[in-house]
Amino acid sequence: MAGTIPPHVIEQIRAASDIVDVIGSYLPLKRAGGNFLALCPFHREKTPSFNVSPSRQIFHCFGCHKGGDVFRFVQDYENITFIEAVRRLAERARIPLEFEPSPGASQTRFLKETLFTIHEQICQRWQTALKGEAGMVARDYLQRRGVSDEAVRLFRLGYAPDAWDDTVGWAKSKGHDLEIMTQAGLIVRKEPEGGGPAHYYDRFRGRLMFPICDEQGRVIAFSGRILQGDEKTAKYINSPETPIFTKGRVMFGLDKSKRAILDAGFAIICEGQLDLIACYMADVKNVVAPQGTALTGDHCRILKRYVNEVVLCFDSDTAGQNAALRSLDDLIASGLAIRVATVPAPDDPDSFIKARGGHAFRELVAGARGFFDYLLDRLSSENDLRTDRGRNAVVAGMADALLKTGNAVLTDTYAQKTAQRLGVSVDALRAEFKRASRAPRTVVRDAATNVPPDSIESPPPPSVAESWLLKLLLLDSPARVPENREAGTTKERPEEVEPDAEALVAWAMDHLDLEWIQHDTVRRLIAQRFEAQRAGTWRGVAAWLTELADDPAAQRLVTEQVAEGRPVKHRQTQLVDVTRRLRDAAIDRELLALEGQLRAAEAGGGGAGLELLAAQQRLRLAKREPLRPIIE
């Protein structure tokens with residue numbers, strides 16, 4: 001994204017995006033005291049542990065420990081970037097999104113916004129054309145293919161009239177520059193052979209139009225299917241690459257299926273738009289299709305952001321099965337686990353669902369085999385296992401695929417399965433695989449043993465004292481209750497008056513040595529809180545969480561401390577107590593180190609023992625002293 005969003009604009013968007021309203025538009029929330037509760041959308045649970053704090057404008061789940069502000073919630077729920085989350089909330093609040101200029105940023109941004117607008121407008125025009133008289137040929141085709149009116153509406157299918165200048169004429173009537181329309185890929189510029197002005201004509205003519213959307217649901221390209229014509233006419237024409245569309249990075253249907261993919265835990269990959277639409281309308285919604293190209297590494301990396309497993313479901317013909325094999329390298333490199341669902345010939349997913357229903361297709365997917373089991377079956381069926389040539393082809397094919405994973409356990413497992421299939425000894429297969437491994441090759445990350453991100457060992461949590469220190473320093477100032485004392489009552493005791501948040505932080509800045517804190521993230525967060533106090537830039541926890549947008553672990557740590565709505569009493573007393581405990585623990589660590597040095601000195605017969613004993617005595621006395629301001 002060219003340019004950056006000014007802080008004051010982000011604050012304006014935050015102020016207009018109440019976190020309860022925003023999260024409540026995604027999840028059913030139930031009030032629980034001062035907070036709201038819900039079942040967490042980021043992990044499966046039966047008892048609600050997902051807290052939303054209206055006073056703090058934060059959320060935190062005490063089950064999976066996700067937490068943050070309103071921007072972080074939209075980021076994580078929609079699986080989008082911070083900038084995209086800001087844009088989404090700005091649109092929701094009807095706030096114009098401003099960017100601080102950078103060289104060329106304004107021009108690039110204007111072009112992209114214009115292309116988004118043009119694609120949305122022409123999509124609507126083609127939707128209308130499908131309903132008109134000229135769209136009868138497309139409606140007849142959709143009826144023959146069993147595509148329902150609901151599917152047409154949901155996927156915004158349309159019809160590009162069979163004319164050379166329909167889109168050109170429409171663009172002129174709307175005042176769109178024809179060169180911009182050319183950059184959008186909707187019309188084609190042709191230079192006349194004898195010179196003179198350029199001629200423009202429509203790219204899509206007489207075709208059923210499938211809008212291609214980005215992950216946010218914005219129309220960025222089209223795929224058009226021919227309805228009438230000779231065999232020389234391409235069945236499908238796709239938009240060329242543009243400033244808003246790169247075919248190797250876009251998956252058809254992902255804008256609609258991403259939530260279902262997250263819920264299912266895996267994505268089904270099919271070949272075409274009609275296959276995907278048939279799956280989706282049969283309530284198999286965790287499905288995507290590569291757009292205008294074979295499955296690429298970028299496609300795999302996009303899917304990896306959502307899930308750790310994919311099921312390939314290509315056509316039953318040879319071309320479809322070869323597509324599964326071509327996907328292998330990129331899928332393994334992405335770390336995705338792979339299964340293959342084979343649609344019985346002569347069906348594809350669309351015709352299979354039309355004939356047998358969505359339930360049968362779900363059973364087909366549930367029974368999908370691991371990729372290497374599928375590969376062994378396919379190689380065995382394509383080669384004559386009674387001949388040396390056939391057996392060698394199976395061995396070579398399995399070795400080539402397995403050795404790309406770099407996984408010795410997986411390779412040995414399938415050495416045994418392959419040996420059993422061929423009726424030869426396992427040792428012979430292992431020897432052949434070992435010989436194949438000596439050939440130069442690139443080993444990519446293993447797909448069969450990939451570890452889900454949430455299962456990677458998390459850093460150790462802070463101590464109880466460190467957690468309480470962070471909580472106390474992030475408290476809001478207590479609400480002031482007007483005094484209502486009867487005449488003659490004694491003066492209110494000091495401990496009954498809770499100090500302001502700024503006063504607590506100021507005291508901690510004077511009495512806390514940051515080196516007493518062992519947890520790196522807590523130390524860094526408290527240092528930032530102190531710096532904001534010194535600079536007078538503290539704007540509250542919610543605003544601070546936005547500054548921590550690139551550090552989800554720090555955001556979780558902050559929200560965990562402040563998400564509970566219960567009031568904290570005797571704040572000053574607790575702060576003094578927890579600070580002293582941290583100081584004493586730091587002294588104990590120094591004493592432990594001195595004991596080791598004393599033992600080493602005694603063993604070595606050195607003369608440093610008296611100095612170490614004196615230092616030990618000073619530290620023991622220091623533990624008995626009250627906390628005093630730190631002298632820098």
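The residues in region 410-429 that are of a type in the set (V, I, T) and in a loop (DSSP other than H, G, I, E, B) can be counted, and the count is 1. Within region 221-236, the set of residues being surrounded by fewer than 20 Cβ atoms within 10 Å (Cβ to Cβ) and either modelled with pLDDT under 85 or not basic (K, R) (or both) comprises I226, L227, Q228, G229, D230, E231, K232, T233, A234, Y236. Scanning for something closer than 30 Å to A163 by Cβ and out of contact with any Leu (no Cβ under 7 Å at 6 or more places or on another chain), does region 258-273 turn up at least one residue? Scanning region 258-273 turns up at least one residue that is closer than 30 Å to A163 by Cβ and out of contact with any Leu (no Cβ under 7 Å at 6 or more places or on another chain). Exactly one residue among A614, A586, A549 is surrounded by fewer than 12 Cβ atoms within 10 Å (Cβ to Cβ) and hydrophobic (A, V, I, L, M, F, W, C), and that residue is A614.
Kindly establish whether G536 is surrounded by fewer than 21 Cβ atoms within 10 Å (Cβ to Cβ), under 22 Å from Q57 (Cβ atoms), at pLDDT 85 or above and more than 34 Å from the chain's Cα centre (by Cα). So G536 passes the test. Screening T579, T573 for residues that are open to solvent by 30 Å² or more (accessible area, probe 1.4 Å), in a helix (DSSP H, G or I), at pLDDT 85 or above and among the β-branched types (V, I, T) leaves exactly one candidate, T573. Among the residues of region 189-212, those that are in contact with a strand residue (DSSP E or B) (Cβ under 7 Å, 6 or more places away or on another chain) and either open to solvent by 30 Å² or more (accessible area, probe 1.4 Å) or farther than 29 Å from F252 by Cβ (or both) comprise R189, K190, P192, A198, H199, Y200, Y201, R203, R205.
Given the criteria touching a residue at least 60 places away in the same chain (Cβ under 8 Å) and either open to solvent by less than 40 Å² (accessible area, probe 1.4 Å) or out of contact with any Cys (no Cβ under 6 Å at 6 or more places or on another chain) (or both), does A289 qualify? Taking the combined requirement at face value, the residue does not satisfy it.
Taking region 78-89 as the search range and keeping residues that are closer than 13 Å to V22 by Cβ and modelled with pLDDT of 85 or more, which one is most open to solvent (accessible area, probe 1.4 Å)? Checking each candidate, the answer is R88. For region 138-154, filtering for residues that are within 17 Å of K235 (Cβ to Cβ) and touching a helix residue (DSSP H, G or I) at 6+ places or on another chain (Cβ under 7 Å) leaves 4. Restricted to region 135-192, the set of helices (runs of 4 or more DSSP H) holding at least 1 residues that are closer than 16 Å to H119 by Cβ comprises 166-174, 178-183.
Just one residue in the set A129, A171, A184, A163 is aliphatic (A, V, I, L, M) and surrounded by fewer than 18 Cβ atoms within 10 Å (Cβ to Cβ); that residue is A163.
Of all the criteria given as (1) buried (at least 16 other Cβ atoms within 10 Å of the Cβ); (2) free of Cβ contacts under 8 Å to residues at least 24 places away in the same chain; (3) assigned to a loop (DSSP other than H, G, I, E, B), the one not satisfied by F36 is (3).
Please tell me if R389 is modelled with pLDDT of 90 or more, crowded, with 17+ Cβ neighbours inside 10 Å and among the basic types (K, R).
Here the answer is no, as R389 does not meet what is asked.
It is to be established whether one or more residues within region 376-384 are loosely packed, with under 13 Cβ neighbours inside 10 Å, modelled with pLDDT under 85, assigned to a helix (DSSP H, G or I) and at negative phi. No: zero hits. So is P494 surrounded by fewer than 16 Cβ atoms within 10 Å (Cβ to Cβ) and at pLDDT below 85 or not? Yes.
Scanning region 44-84 for residues that are in contact with a Phe, Trp or Tyr (Cβ under 9 Å, 6 or more places away or on another chain) and in a loop (DSSP other than H, G, I, E, B) turns up S49, P54, F62, G63, C64, K66, D69, N79. For beta carbons closer than 7 Å, sequence separation of 6+ or different chains, a first residue in region 124-144 that is farther than 19 Å from C213 by Cβ and a second that is outside any helix (DSSP H, G or I) and open to solvent by 90 Å² or more (accessible area, probe 1.4 Å), the qualifying pairs are V137/Q228.
Here's the yes/no breakdown for (1) under 30 Å from P552 (Cα atoms); (2) surrounded by fewer than 21 Cβ atoms within 10 Å (Cβ to Cβ); (3) at pLDDT 95 or above; (4) in contact with a Pro (Cβ under 6 Å, 6 or more places away or on another chain):
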site: Q75; (1), (2), (3), (4): yes, no, no, no
site: E91; (1), (2), (3), (4): yes, yes, no, no
site: P96; (1), (2), (3), (4): yes, yes, no, no
site: G104; (1), (2), (3), (4): no, yes, no, no
site: H119; (1), (2), (3), (4): no, no, yes, no
site: I122; (1), (2), (3), (4): no, no, yes, no
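Here's the yes/no breakdown for (1) in contact with a helix residue (DSSP H, G or I) (Cβ under 6 Å, 6 or more places away or on another chain); (2) in contact (Cβ under 8 Å) with a residue 40 or more places away in the chain:
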site: R378; (1), (2): no, yes
site: R386; (1), (2): no, no
site: G390; (1), (2): no, no
site: A393; (1), (2): no, no
site: L403; (1), (2): yes, yes
site: L410; (1), (2): no, no
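Pull out all pairs, ordered by first then second residue, where Cβ-Cβ is under 6 Å, the residues are six or more apart or on different chains, the first lies in region 80-107 and is within 19 Å of H8 (Cβ to Cβ), and the second is of a type in the set (D, E) and modelled with pLDDT of 85 or more. From residues that are within 19 Å of H8 (Cβ to Cβ), there are no pairs.
The set of residues in region 1-24 being assigned to a loop (DSSP other than H, G, I, E, B) and at pLDDT 90 or above consists of A16, S17, D18.
If you check A337, A333, A324, which single one turns out to be modelled with pLDDT under 90, aliphatic (A, V, I, L, M) and within 17 Å of G272 (Cα to Cα)?
Working: A337 fails: within 17 Å of G272 (Cα to Cα); A333 fails: within 17 Å of G272 (Cα to Cα).
Just a single option satisfies the conditions, and that option is A324.
If you go through region 505-532 and pick out every residue that is touching a Ser or Thr at 6+ places or on another chain (Cβ under 9 Å) and either free of Cβ contacts under 8 Å to residues at least 24 places away in the same chain or assigned to a helix (DSSP H, G or I) (or both), you end up with 6. Only one entry in L612, L621, L545, L557 is at pLDDT below 80 and assigned to a helix (DSSP H, G or I), namely L612.
The values are calculated or read from the model by the stated rules, or taken from the named source; none is laboratory data. The model shown is predicted, which means the values in this text are computed figures rather than measured ones. Here the Cβ is made from the backbone with ideal geometry for all residues, glycine too, and neighbour counts use every protein chain on show. What goes into the accessible areas is simple: the full protein's heavy atoms, side chains included, and nothing from ligands, DNA or RNA. Shrake-Rupley method; radii C 1.70, N 1.55, O 1.52, S 1.80 Å.
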